[in-house]
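Data block below; observations after.
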Amino acid sequence: MNDPNGMVYFNHTYHLFFQYYPGATVWGPMHWGHAISKDLIHWKELPIALYPDSLGYIFSGSAVVDSNNTSGFGKNGKIPLVAIFTHHDPKGEKAGANNFQNESLAYSLDGGYTWTKYSGNPVVKNPGITDFRDPKVSWYAKGKKWMMTLATKDRITFYSSPDLTNWTKESEFGKELGAHGGVWECPDLFQLKLNGKSYWVLIVNINPGGPNNGSATQYFIGHFDGHQFTPIDNTTKWLDYGPDEYAGVTWNNTSNRTVFLGWMSNWLYATLVPTEKWRSAMTVPRELKLIEHNGSILIASSPVRELEALGGKTYTVTNPGAKNTSTITPLADQYVIHLQTKATTGFTVELANTNNEKLTLGYDKMHNQYFIDRTHAGISDFNKQFAGHFTAPRLSNSKSIKLTLIVDKASVELFADGGASVMTCIFFPQKQLNEIAVQTASAGQISTLSCSALTSIW
Ligand code: FRU
């Protein structure tokens with residue numbers, strides 16, 4: 001699997017579709033896999049939702065609840081869910097055409113469980129742009145129309161529609177702005193508030209060209225008037241600085257909160273990682289909000305509160321300040337570590353095993369940045385760029401450092417300063433990393449250190 005797709009909340013159910021090739025553990029003809037959840041944490045996999053057809057593979061896209069039946073797909077009062085995705089025609093690609101990606105629709109009249117492709121597909125025809133994909137659609141209430149945010153090679157193109165079937169180009173954004181180390185993919189457009197004021201967030205995933213190499217998620221904060229997006233500043237911002245969060249976008253129709261989910265891998269090595277019966281996972285769902293730091297507006301991400309329900313036994317180091325090394329023992333294969341320092345002092349957390357494999361991470365005070373180093377964390381010979389030391393700037397002036405780590409068998413998600421700096425990183429040790437040690441330069445610098453078991457969701 002790769003990208004999350006068609007994320008929509010309907011009838012008390014979170015739907016997650018995803019790029020999926022059922023025939024192998026490497027990328028192939030894309031389908032939309034399907035999973036559902038009541039709480040964003042426990043998932044049930046369902047039959048494949050969309051299969052490739054004569055127009056091509058089913059690439060990434062989104063899904064909306066068409067409550068007013070603008071599309072006319074609704075029958076007998078049933079509210080249609082409409083999926084908007086890219087049809088990728090492999091034959092056209094092979095023949096050297098430049099219009100082999102087009103946008104198409106499918107609809108569901110049973111709340112997202114079974115889907116019918118629209119007979120008039122495609123609904124947005126490619127004008128001759130080789131990368132023309134990943135439509136994210138949402139209702140623009142002020143203009144009473146649907147907006148499609150589309151990744152078109154090195155920029156975003158906005159389209160609008162009254163009925164999801166007829167689309168008009170509105171504008172382009174970003175050719176000269178943001179990071180351009182690779183192709184723009186999987187965008188998203190939504191509103192968030194800060195101090196009662198509304199802003200628009202434009203997410204643009206990029207591959208390669210991320211801050212720690214390969215794939216990553218950048219974003220812009222600005223204004224959107226139903227036609228055009230205007231950023232309020234020109235700095236490049238990253239939603240997650242780690243090497244392994246990509247194609248992340250948000251759920252549609254969650255009304256009072258914005259929940260983001262990313263694919264936990266990187267195209268540098270996604271098809272090479274040493275897993276056998278599975279290939280890739282998603283991040284923990286994260287709630288997004290806006291914060292202010294040194295005069296600029298940023299996104300902060302936190303694991304959704306539903307994750308707390310998995311919290312098992314907690315182990316707290318009673319007097320973590322006493323020595324400059326504290327060790328804790330996780331009580332499960334998955335666990336959450338909370339750490340708080342007394343001041344902005346550097347520290348290192350080491351997750352290790354008896355094979356001498358270790359993942360180190362922490363805060364480097366001299367460079368004012370967080371880091372994760374997986375150089376010695378297990379198998380890495382499948383790709384030259386896998387072993388490495390990754391960094392994220394600290395984006396907070398608070399007087400102490402608060403860190404949350406969500407650790408699974410092959411991944412860590414780091415949230416610092418209330419989610420202002422986030423890093424996701426995968427690793428492949430031969431044995432579980434379940435010896436945890438925290439080190440500071442001198443004694444007495446850590447005020448809280450705890451480790452809570454996470455109950456398995458399976
Ligand atoms: C991003 C991406 C998308 C595309 C899909 C194909 O990871 O390349 O742009 O729609 O994956 O699987």
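The protection proxy used here, the mean number of other Cβ atoms lying within 10 Å of each residue, ranks peptides 26-38, 410-422 as follows, highest first: 410-422, 26-38.
Our compactness index for the stretch 305-454, the C-alpha radius of gyration over the empirical 2.2 N^0.38 Å, is 0.99. Sorted largest first by accessible area at a 1.4 angstrom probe radius, with every protein chain in place, the residues Thr13, Thr327 fall in the order Thr327, Thr13.
Between amide H atoms placed 1.01 Å from N, distances below 5 Å from Lys145 occur with Tyr140, all of them 5 or more places distant or on a separate chain. For the chain, the spread of Cα positions along the three principal axes, ordered from largest to smallest, is 69, 47, 44 Å. Taking the three principal axes of the alpha carbon atoms in the stretch 227-337, the coordinate ranges are 56, 42, 30 Å, sorted in descending order.
When you filter the GluC sites (Glu not before Pro) in the stretch 159-234 for DSSP loop state and at most 16 other Cβ atoms inside 10 Å of their Cβ, you are left with Glu176.
Rounded to whole Å, the principal axis extents of the Cα atoms in the stretch 312-384 read 41, 34, 20, largest first.
When we measure straight from the Cα of Lys237, which lysines land under 22 angstrom away, once same-chain ones fewer than 8 places off are left out? The qualifying lysines are Lys136, Lys153, Lys175, Lys193, Lys197, Lys289, Lys365, Lys402.
Bridgeable aspartates and glutamates around Lys144 (alpha carbons under 16 Å apart, same-chain partners fewer than 8 residues away excluded): Asp66, Asp163, Glu170, Asp225.
Rolling a 1.4 angstrom probe over the protein heavy atoms with all chains in place gives the chain an accessible area of 41 Å² per residue. Descending by average beta-carbon neighbour count within 10 Å, the peptides 46-58, 89-101 line up as 46-58, 89-101, the highest first. The chymotrypsin sites (Phe, Trp or Tyr not before Pro) of the stretch 324-395 that DSSP puts in a loop, and whose beta carbon has at most 15 other beta carbons within 10 Å, are Phe382. How many percent of the accessible area of the chain is carbon or sulfur, using a 1.4 Å probe? Ligands and nucleic acids excluded, carbon and sulfur reach 49 percent. Entry note, the stretch 305-454: relative contact order of 42 percent, from Cα contacts under 8 Å with a spacing of 6+ residues. If you filter the stretch 310-413 for trypsin sites (Lys or Arg not before Pro), then keep DSSP loop positions with at most 16 other Cβ within 10 Å, what is left? Filter output for the stretch 310-413: Lys323, Lys342, Lys365, Lys384, Lys399, Lys409. Per residue, the average separation of C-alpha pairs within less than 8 Å and at least 6 apart gives the stretch 183-286 a relative contact order of 20 percent. With both labels modelled 7 Å from their Cα along Cα-to-Cβ, the Thr254 to His223 distance reads 2.7 nm.
Here the relative contact order of the chain, from alpha carbon pairs under 8 Å that lie six or more residues apart, stands at 12 percent.
In whole Å, how far is the Cα centre of the stretch 253-295 from that of the stretch 370-406? The distance from the Cα centre of the stretch 253-295 to that of the stretch 370-406 comes to 16 Å.
The values are calculated or read from the model by the stated rules, or taken from the named source; none is laboratory data. Predicted, not measured: the structure shown is a model, and the values here were computed from it. We place every Cβ from the backbone using ideal geometry, glycine too, and count neighbours over all the protein chains shown. When the accessible area is computed, the model is the full protein with side chains, heavy atoms only, and any ligands, DNA or RNA have been set aside. Shrake-Rupley method; radii C 1.70, N 1.55, O 1.52, S 1.80 Å.
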